[in-house]
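The values are calculated or read from the model by the stated rules, or taken from the named source; none is laboratory data. Model, not experiment: these values are computed from the prediction. Because the Cβ atoms are built from the backbone with ideal geometry, glycine has one as well, and the counts that use them run over all protein chains shown. Note: areas computed on protein heavy atoms with side chains; ligands, DNA, RNA excluded. Shrake-Rupley method; radii C 1.70, N 1.55, O 1.52, S 1.80 Å.
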Amino acid sequence: MYDVAILSDLRCPGGTSASIVAEVRAQAAAGLRTVLIHLPSPHLRHGRPFQSRIVACLRDGLAELAHDDGAEIEAKVLLIRQPLIFTRDLPAPPKVRAGHTIVVLDQAPSDDVYERVERYYGKDVVWAPISARVRDSAGARAALTGTDWHEIIDVAEWRTERRRGAAPVVGRDGPHDGESAREFLATLDFFVCFPDAEVAEPGRMVLEAMASGVPVIMAPRFRSVFGEAALYTDPSGVRDLVHRLHADRPAYDALVRRARAFVTEQFGRASHLARLASLGVMPGPPQPIRAAVSLARPARRVLFVADDIAKFRAIARRLPSGLEAVVVAGSAGLPAAHAAGLLTEYLPTAAELGVSDPRWTGFARDRLRHLIELYAPRAVLVGGVPHDGIAAAVAENTGPRWLWLRPAMWKRGTGGEWAARGALFAGILEPGEFAAAGDEGWTTTARAAVTTVDPIVDLPSRPRRRTREQTLLCRGVEASLPGFRTVQAGLGEVALAVSRADYTSFHELLGAAVPTVFVPDPEAGDDELARARFAAAAGVAICATTDDEAAEALERLAVREAREALSRRCAGISLGDGAGDAAAWVAQHTAVGAQVG
């Protein structure tokens with residue numbers, strides 16, 4: 001059981017992520033176990049990575065990242081930050097069992113947010129405004145905490161020394177990333193804060209400025225919050241106030257001391273630990289090893305290049321101790337890689353950059369050269385197809401061993417142009433296919449230097465499913481069935497599924513013994529039709545190529561006995577441990593002087 005679980009969208013920049021990092025660090029220093037649960041916000045529609053300081057916390061062992069496998073998480077306290085995540089219904093809300101559930105409010109939520117959160121996490125949810133102003137606007141819709149869930153900050157971490165010049169330097173707002181915010185504040189003599197009237201709170205950077213030793217000048221309406229720790233005037237009075245205080249060094253230094261003392265007492269780590277203690281979460285014994293985790297980084301690294309995140313995740317989780325994967329992907333793959341807790345780097349596509357293919361080839365070559373210089377990997381595992389950018393990078397970077405995670409199951413007569421690129425690689429690994437006997441693609445004859453493993457899939461050992469749950473899982477296909485609730489994620493609580501026959505969905509659903517109707521995507525690059533037909537011939541799934549066929553098949557599987565019969569046949573399948581074998585194969589190639597067949 002974790003001491004604290006924090007649920008939020010871990011990609012969002014700004015104050016929410018900074019607050020999460022501050023609380024994670026305080027909890028780690030107090031010997032508490034924290035798990036971070038990523039829940040994508042419907043308001044962030046473009047792919048982006050986790051916020052960099054959150055990645056650093058995960059990398060340094062200060063918190064763990066919850067897996068997105070549908071397993072229930074147990075914690076003494078669940079903190080939900082950014083309740084706007086719940087402005088829409090969730091297909092599969094994270095399952096958390098907690099002694100106390102606290103929703104931190106930085107603004108008053110709408111009635112539908114209240115309703116959804118209580119529906120997902122119970123009527124005992126307590127709502128915690130971050131300030132009196134938010135408390136007043138929240139009204140009486142739900143139970144509020146007796147005290148505000150204010151921000152916290154480590155004053156010692158933000159302390160900086162600066163030399164004052166002849167002319168005062170004044171700044172407002174600024175970057176929200178930790179390091180750049182510190183650098184920004186270190187250049188200032190004063191920080192001014194005059195947010196719009198509808199903004200309830202002045203923002204976290206006020207605390208960061210005070211902790212950094214930068215006097216804050218702000219609107220008079222915030223006097224009730226910060227008292228003597230700041231100076232107050234309207235915008236027209238800033239100039240005179242700045243010059244007067246800049247010329248009076250004793251008064252300037254006294255304000256700096258008052259502000260630091262104020263944030264230490266009111267917003268320091270101790271205040272956060274005290275409110276956790278009031279919820280039954282007591283500090284544990286000191287754990288100095290946590291502060292030194294970053295000193296014990298793996299000596300060997302391997303780059304995984306492509307958006308084939310499902311296979312990369314399965315392999316990375318099984319790599320031996322001392323070998324770390326770094327996933328290099330485009331915006332389509334980064335969120336899933338971050339959700340899996342993997343270290344990532346961004347390689348934008350030509351479309352994302354808005355450049356021609358020849359120009360992007362040079363960009364990809366240069367980007368990979370930089371990453372190889374940065375991480376000094378023993379090997380680079382390339383997923384998908386080795387395009388011209390990969391070929392250029394192989395030719396230029398002879399240090400690491402270049403490996404190809406080559407897909408099988410190509411459609412007949414397609415993809416053969418990639419066969420010659422196999423000569424670029426020190427080894428080729430082919431993920432196995434349950435439907436290999438139905439494979440008619442070019443890889444069936446191009447076998448030189450190829451190692452084949454069982455299907456690479458990331459499943460728990462025979463997941464237990466609640467088959468009595470009337471739930472229909474839809475993957476890449478829109479469908480409905482009377483009497484069944486439709487979901488888009490999870491394996492453990494579904495009665496049946498309708499899905500495309502892509503590699504990952506196909507093997508996950510068969511491996512989890514989920515009764516499935518496969519609807520092949522005719523536009524897919526691989527031969528989904530051959531997979532689905534093979535599964536149907538083997539009696540472990542149903543293949544449907546039209547909407548009418550899919551609807552008819554789902555109606556048949558609405559009968560429990562039909563589902564159970566299909567599930568029993570799936571249970572007889574043994575997919576092996578292709579991910580484990582793949583991880584061992586990669587590890588062999590990273591060994592010094594490796595000669596692997």
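Things to note:
- In the chain, helical runs assigned H by DSSP with n ≥ 4 each contribute -39500 (n - 2.57); averaged across all residues and rounded to the nearest 500, the mean residue ellipticity at 222 nm is -10000 deg cm²/dmol.
- Over the chain, Cα pairs under 8 Å with separation of 6+ residues give a relative contact order of 10 percent.
- Per residue, the stretch 155-266 exposes an accessible area of 50 Å² to a 1.4 Å probe, with every protein chain left in place.
- The stretch 471-574 - accessible surface per residue (Å², probe 1.4 Å): 42 Å²
- Gyration tensor (alpha-carbon) shape descriptor, the stretch 2-138, a/c threshold 1.5: rounded
- When a 1.4 Å probe is rolled over the protein heavy atoms, the share of accessible surface on the stretch 318-362 that falls to carbon and sulfur comes to 54 percent.
- Taking amide H positions as modeled 1.01 Å from N, with prolines and chain starts lacking one, the residues under 5 Å from Leu347 and 5 or more places away or on another chain are Ala329, Gly330.
- Mean separation of Cα contacts under 8 Å, 6 or more apart, over the residue count of the stretch 155-266: relative contact order %: 26 percent
- Percent of Cα-Cα distances greater than 32 Å, calculated over the chain: 56 percent
- Proximity of backbone amide H atoms, modeled 1.01 Å from N, is registered between Ile73 and Lys95, Val96, Arg97 at under 5 Å, excluding neighbours fewer than 5 places apart on the same chain.
- Global geometry of the stretch 235-284, whether rounded, prolate or oblate, following the gyration tensor of its Cα atoms and the 1.5 cut on a/c: prolate
- Packing-based order for 339-345, 218-224, 207-213, 232-238, using average beta carbon neighbours within 10 Å, highest first: 207-213, 339-345, 218-224, 232-238
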